[in-house]
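*Asks:* Structure below; questions to follow.
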Amino acid sequence: MLDPKQIRNNPDAVKKGLKSRKADATLVDRFLQVDEEWRKLLSEIEEMKAKRNAVSDQIGQMKAKKEDATAVIAEMKTLSSRIKELDEEQKKIEDRLNDIAYEMPNLPHHCVPEGSDARDNIEVRVWGEKKKLDFKARPHDEIGKQLGILNFEQAAKISGARFVVYRGVGAALERALISFFLDVHIKENGYTEVFAPVLVNKQAMIGTGQLPKFEEDMFKCRDDEFYLIPTAEVSVTNLHRESVFNSEQLPVKYCCYSPCFRREAGSYGKDTKGIIRQHQFNKVELVKFTDPASSYDELESLTRNAESVLQKLGLPYRVVQLCSGDLGFASAKTYDLEVWFPSENQYREISSCSNFESFQARRAAIRFKVGSKGKPEPVHTLNGSGVAVGRCFAAILENYQQQDGSVIIPEVLRPYLGGIDRIKP
RNA sequence: GGAGGAGUACCCAAGUGGUCGAAGGGGACGGUUUGCUAAACCGUUAGCUCGGGGCAACCCGGGGCGAGAGUUCGAAUCUCUCCUCCUCCGCCA
């Protein structure tokens, strides 16, 4: 959520920001109109309530002195019922105002390049050499099936399309990646590990920005008000909903493994083969709560932290900065990490690192203050995948495939797999 | 799933319809005393949020006693729903 004061005082700047990310800039005028209506009515109601408070007090005193208060009470009856009517109207206007405010995406940071879609993203840096294979690179799903470590038929039987069963060394490799990522972030990068519920309530989803706008992307429980998280960002960011940090505590850094659940509505034709786009996948997420003054430095280090696991695995990747048109709803600035997929001859997203500035913090009321007398203000929240486990699994199969159909296991993972160095057919 | 009990400020806790603008205590902070510490004594401790006015440091008002609705001229107090915690029974990893 944007700062209402910013919308009131600087509507043109807000419109400009919305337009640059291809969002509906008329939201601003609609907001201002309803906001005006809301504040006008609020003043009216508050005045009436002030009167009610004063007269109620007076009635109390009259009763104490055993005076007759019937006339005043009768008068107050009218006032009170009028207040009640206006309160209801106020509530309706407020709901409309919130609807508009919740629909408004974050504004891009000034350093974000203008652009309309992924083609306008900017390559920031490239790491590692694209593997040169002296045979035709095979796609990861084929390799996985042949090695007997991925099974799509069984997954379809028990769940449906866009699910996968890992088997044997495959299951162990998935688990090894999770442990490896967590170990790096905990021991080397200074994050605190958490493990949190994946079933969350509506407030949490609103807090990080998934709701109300992206309801159709979520899996929702039918009989209970629970949603399955699309990312651990939701659970972890909301750990501190409606609370206030001391400035000395910041930055607070968490890493969290969780399964993630996405309906993938609207991507029916895309990535139907393999494990790139699943309804359920594993991810280790990094989340930071920071002082606004340092949040952009923290975004750089968060991105480097995510990169570090790819470097250790020896997977070639590049970092791109998303252009305004490709930014996620809540983000002010995003770097995507894209890992090399030989069979497709292209880089593919494996991590997305964003600074949300105060957008989520305002929705979720996550604040900090300096000392004991400071006025609480919203923190900045950041997060990034550190990294997506399934996609990393696929990248390993593709980048470490051998002509004989086996796959070399990157050295850093071997201790997690009982020392084996290769998956053989 | 069933039966009870509880939720008041940083913590404990009083308050069953009207000066509650919430008693009292603890802790914390400030002061007096002191060579220093402790004790004692005095004082402060409702934060927060929303609106309005100066548009700065302030002033005025609304809200706020777990959350939300309701009853009432008026609710911490009465009614309903929900949440969390505790005790017991049942079931379960």
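Rule-based calculations on the coordinates, nothing more; no lab input. All figures in this text were calculated on a predicted structure; none of them were measured in a lab. So basically every Cβ, Gly included, is an ideal-geometry build from the backbone, and we count neighbours across all protein chains shown.
*Asks:* Enumerate the lysines that A:Lys220 could reach by cross-link, defined here as Cα to Cα under 19 Å, with residues fewer than 8 away along the same chain left out.
*Replies:* Answer for A:Lys220, where 19 Å is the Cα cut-off: A:Lys202, listed by chain and number.
*Asks:* Among A:Val252, A:Ala50, A:Phe393, whose Cα sits farthest toward the positive end of the charge dipole of chain A (+1 at Cβ of Lys/Arg, -1 at Cβ of Asp/Glu, about the Cα centre)?
*Replies:* A:Phe393
*Asks:* Hey, if you put +1 on the Cβ of every Lys and Arg and -1 on every Asp and Glu Cβ in chain A, which of A:His140, A:Leu150, A:Asn98 ends up farthest toward the positive end of that dipole?
*Replies:* A:Leu150
*Asks:* Using the 2.2 N^0.38 Å rule of thumb for compact globular proteins, work out how segment A:243-331 stacks up: its C-alpha Rg over that value, please.
*Replies:* Its radius of gyration relative to the 2.2 N^0.38 Å reference: 1.36.
*Asks:* Could you give the size of the charge dipole of chain A about its Cα centre, using +1 on the Cβ of each K and R and -1 on the Cβ of each D and E, expressed in debye and rounded to the nearest 20?
*Replies:* Here chain A has a charge dipole of around 460 debye.
*Asks:* Further, regarding this structure: Set the Förster distance to 45 Å, then compute FRET efficiency between A:Asp57 and A:Asp24 from the Cβ-Cβ distance, nearest 0.05.
*Replies:* Efficiency for this residue pair is about 0.40.
*Asks:* Give a quick list of GluC sites (Glu not before Pro) in segment A:326-396 that DSSP marks as loop, anything other than H, G, I, E or B, with at most 14 other Cβ atoms within 10 Å.
*Replies:* A:Glu344
*Asks:* To continue, here is another question. Need the list of lysines near A:Lys5 for cross-linking: C-alpha distance under 18 angstrom, and skip anything on the same chain fewer than eight residues off.
*Replies:* Within reach: A:Lys15, A:Lys16, A:Lys40, A:Lys375.
*Asks:* Moving to a separate point now. A 22 angstrom limit on the alpha carbon distance is what I want to check against. Which of A:Lys51/A:Lys77; A:Lys132/A:Lys273; A:Lys49/A:Lys369 exceed it?
*Replies:* Long pairs (Cα-Cα over 22 Å): A:Lys132/A:Lys273; A:Lys49/A:Lys369.
*Asks:* To the nearest 20 debye, what charge dipole does segment A:4-103 have about its Cα centre, counting +1 at the Cβ of each Lys and Arg and -1 at the Cβ of each Asp and Glu?
*Replies:* Its charge dipole is roughly 300 debye.
*Asks:* Provide the per-residue ³J(HN,Hα) series for segment A:294-303, in order, calculated from phi with Karplus coefficients 6.51, -1.76, 1.60 and θ = phi - 60°, each as a whole number of Hz, with x at glycine and proline positions.
*Replies:* Karplus-based 3J(HN,Hα) across segment A:294-303 equals 10, 5, 6, 5, 5, 5, 4, 6, 4, 5 Hz.
*Asks:* Simple spin-label model, 7 Å along Cα-to-Cβ: A:Ile122 to A:Asn98 in nm?
*Replies:* 3.9
*Asks:* Tell me the mean residue ellipticity at 222 nm calculated for chain A from its helices only (DSSP H runs of n ≥ 4, each -39500 (n - 2.57), averaged over every residue, nearest 500).
*Replies:* -12500 deg cm²/dmol
*Asks:* Under the rule a/c < 1.5 gives rounded, and otherwise a/b versus b/c splits prolate from oblate, where does chain A land using the Cα gyration tensor?
*Replies:* Prolate, since a/c reaches 1.5 and a/b exceeds b/c.
*Asks:* Let me ask something else. Expressed as a whole number of Å, what is the distance separating the alpha-carbon centroids of segment A:237-262 and segment A:302-380?
*Replies:* Cα centroid to Cα centroid, the span is 14 Å.
*Asks:* A:Cys260's amide H: which non-local residues (gap 5+, or another chain) put their own amide H closer than 5 Å, with H modeled 1.01 Å from N in plane and none for Pro or chain starts?
*Replies:* A:Phe281, A:Asn282, A:Lys283
*Asks:* Skipping prolines and chain starts, which residues have an amide H placed within reach, meaning under 5 Å, of the one on A:Ser331, given they are 5 or more residues away or on another chain?
*Replies:* Long-range HN contacts for A:Ser331: A:Asn106.
*Asks:* Please identify every one of the trypsin sites (Lys or Arg not before Pro) in segment A:311-383 that sits in a loop by DSSP and has no more than 10 other beta carbons within 10 Å of its own beta carbon.
*Replies:* The qualifying sites are A:Lys373.
*Asks:* Can you list the lysines whose alpha carbon sits under 22 Å from that of A:Lys187, skipping same-chain ones fewer than 8 residues off?
*Replies:* A:Lys253, A:Lys283, A:Lys288, A:Lys312
*Asks:* If you plug each phi of segment A:33-48 into the Karplus form 6.51 cos²θ - 1.76 cosθ + 1.60 with θ = phi - 60°, what whole-Hz ³J(HN,Hα) values come out, in order, with x for Gly and Pro?
*Replies:* Ordered by residue, 3J(HN,Hα) equals 5, 5, 4, 4, 4, 4, 5, 4, 5, 4, 4, 4, 5, 5, 5, 5 Hz.
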